[in-house]
Each structure stands twice: as C-alpha cells, then as structure tokens.
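The values are calculated or read from the model by the stated rules, or taken from the named source; none is laboratory data. What you see is a predicted model, and the numbers here were worked out from it, not measured in a lab. Backbone-built Cβ (ideal geometry, glycine too); neighbour counts: all protein chains shown.
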Amino acid sequence: MSQENISIIKNYDSSKISWLKSGGPISQFIKIKNLDDLKKNTQIASNQNIISIGNFSNLLIKDKGFNGIAIKLGGDFAKIKFENDIIVVGSAVLDNYFSKYCYQNSIQGYEFLFTIPGTVGGNIYMNAGCYGKEIKDYLISVIFYDMKSKEVKEEKIENLDFTYRRGFQKKNTIILYGKFKKISGNKTKIKKQMELYEQNRNDTQPQRVNCCGSIFKNPPNHNAWKLIKLSLDESFYEGPIRLSKKHSNFFENDPNISADKVIKFIETIKSKVNQKYQIILDQELIIV
C-alpha cells in the first residue's frame, strides 16, 4: 500500500473512538486524505470487507471484531466550498461545523445540524434529521466512489430513494461529497434558531456521558421513547448500562462495557416493547 498521506493501524481498538467507549478490534483502520490514495487502497483490498466510518457516534463494532478494513476519510474530504449557488461538502465534515459554516455565510436551513453529532457522510447515509427536518430536504446530489467500477460518480437526489432514517446506502460505494442548496437567510435569525435547537437538546438529551444518540427509529404513528418508557421498569434506568432518565430512547454506559452487553441490552428493550405493544423497534445504531 502507498504510505503517502495514509495512516494504517492494525488491530485497532474501536472503543478508543466510539462514543459508547465500547467495541471490538478492527483488522485494519486506515485514514485517507485524498482520492488517489482511496483508489489505491480499495483496489488493493478489493477482496476484503470494507466499511467507511464517520464520527463513530452511531456505530458499534462487535466484541469479536471487524475482519476487514475501516476507512476514515479526512483531508480533501473534510472541506467545504461553493460552486455558484451550490455548497459542496466533504463527507468527513462534522455536522456541527457545517451548520456553523452556513451561519457564518448567512445560509439558512442547516440550523438543525448543529445538534447532530455525526458527519455529513454519515448524515447522507442515514438521511439523518431532527425537528421535522431531514438531510434530503436540502441535498441536491451525492458524489461517491464506486469500488467495483473504480469510478467517481454522482447521483441526483430525485433518482435516490431516501426514506425515514435511510439515505444513500448503495453497496460497494463510499460517499465522498454532498452537494447542497445554498439558501440565503438572516444571520441573526439563523443564530437564534441554532441556540433554540441547542437549548432543547441540552434540556431533553443526556450530555457529557458515553452515549450514541437515539437507539431506535420512531415506528409509524408512535414515539420510540414513549413505547420504551411504558414497557420497561425503573431497573433499566440504573446500572453500568442504562436508559437515560432524560430521554428513554437514549442509553448511557460506563467505559469499557462489552459490545455484547450493549447488544443484549438493546435486544432486551426490543423484546419488552414487542411483548407489550406487538411492535418491533428498528434500531438506528449500526452494529458491525
């Protein structure tokens, strides 16, 4: 493999960067800063399992580990630029940074991203959203690398099937950039909206703890947090891994809790809700 602009770590302990502070080893963890190195490394490793990771806020590696390559983009993919009335955003850009960048340039619509802990690439993958907004509402197109054809391609949003918490998930691809609408707005109003969203998050969600965000998607016509709260007793809000007392669709855990215990906790919650309401919750947390 080319060593220029690349950092390769073998048997990488994923708990070091997981927001849950849990998770097994990754066979090869690679940081890549430009397209040339991405092409070289995915071509050499074409017969291996490859995943692209963002901010590790919504991902858990099983205790047995991931036998493959985890690619973390940075460098060229952590930049934002304007192309006329379009914003081109690298997949490695943090949602919080993108939101602040838009504020600084008097661009409205992206205030909701201020409270989302992931990256733009992860956002596009999951069609993340909150406060009644989703990334697809502002996305124009996705630029991605096709590992089979070894080409950079672009797909417009109208040709993609984005649904609730499911975005661009084509197999054998790595999201490189998103193109977004540039909508001019009032800087004072944008700032005020960001502050309101931030205050709401601080009031209703756990802060400064090991937490991965919402555990489950909301089922049709239901709130996941309410189903969980009505299905589980107080014992689930105590212990080394526990539901948040602020929000029942969030859980907190002490450092170094095994991934297997996290998974078992999630499955127990699903089982309890299903027993009481005959509803199978679909988790947001990605487990590999």
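Just a yes or no: is a residue in region 241-257 polar (S, T, N, Q), without any contact (Cβ under 8 Å) to a residue 40 or more places away in the chain and surrounded by fewer than 16 Cβ atoms within 10 Å (Cβ to Cβ)?
Among the residues of region 241-257, not one is polar (S, T, N, Q), without any contact (Cβ under 8 Å) to a residue 40 or more places away in the chain and surrounded by fewer than 16 Cβ atoms within 10 Å (Cβ to Cβ), which makes the answer no.
For region 171-181, the count of residues that are at negative phi, surrounded by fewer than 18 Cβ atoms within 10 Å (Cβ to Cβ), in contact with a helix residue (DSSP H, G or I) (Cβ under 8 Å, 6 or more places away or on another chain) and of a type in the set (D, E, K, R) is zero. Return the residues of region 11-32 that are touching a Leu at 6+ places or on another chain (Cβ under 8 Å) and either in a loop (DSSP other than H, G, I, E, B) or in the same structural domain as residue 241 (by TED's automatic domain parsing) (or both); say none if nothing qualifies. Residues satisfying the conditions are 18, 20, 22, 23. Only one of the numbered conditions (1) surrounded by fewer than 15 Cβ atoms within 10 Å (Cβ to Cβ); (2) under 14 Å from the mean Cα position of the chain (by Cα); (3) closer than 25 Å to residue 202 by Cα is not met by residue 122, and that is (1). Residue check: residue 168 meets all listed conditions (1) surrounded by fewer than 22 Cβ atoms within 10 Å (Cβ to Cβ); (2) not in a strand (DSSP E or B) but one, namely (1). Among the residues making up region 261-288, a single one is touching a Gly at 6+ places or on another chain (Cβ under 9 Å) and among the charged types (D, E, K, R): 284.
Scanning region 64-97 for residues that are part of a helix (DSSP H, G or I), under 14 Å from the mean Cα position of the chain (by Cα) and among the hydrophobic types (A, V, I, L, M, F, W, C) yields a total of 0. Scan (1) surrounded by 15 or more Cβ atoms within 10 Å (Cβ to Cβ); (2) assigned to a loop (DSSP other than H, G, I, E, B); (3) out of contact with any Pro (no Cβ under 9 Å at 6 or more places or on another chain) for the single condition residue 48 breaks and write down its number. The failed condition is (1). Picking from residues in region 177-225 that are basic (Lys, Arg) and under 19 Å from residue 57 (Cα atoms), the one that is nearest to the chain's Cα centre (by Cα) is 217. Restricting attention to region 125-140, the residues that are of a type in the set (Ser, Thr, Tyr), over 11 Å from the mean Cα position of the chain (by Cα) and more than 18 Å from residue 218 (Cβ to Cβ) add up to 1.
All conditions but one from (1) under 30 Å from residue 52 (Cβ atoms); (2) at pLDDT below 95; (3) among the basic types (Lys, Arg) apply to residue 246; the one that does not is (1).
Can you name the residue in region 98-110 that is small (Gly, Ala, Ser) and more than 18 Å from the chain's Cα centre (by Cα) and is also surrounded by the fewest Cβ atoms within 10 Å (Cβ to Cβ) among such residues?
By that ranking, first place goes to 106.
Is it fair to say residue 66 is crowded, with 19+ Cβ neighbours inside 10 Å, farther than 22 Å from residue 159 by Cα and outside the structural domain of residue 174 (by TED's automatic domain parsing)? Against the criterion (crowded, with 19+ Cβ neighbours inside 10 Å, farther than 22 Å from residue 159 by Cα and outside the structural domain of residue 174 (by TED's automatic domain parsing)), residue 66 qualifies.
Can you tell me which residue in region 1-26 is modelled with the highest pLDDT, limited to those that are under 30 Å from residue 262 (Cα atoms), in contact with a Lys or Arg (Cβ under 7 Å, 6 or more places away or on another chain) and of a type in the set (Ser, Thr, Tyr)?
Out of the qualifying residues, it is 15.
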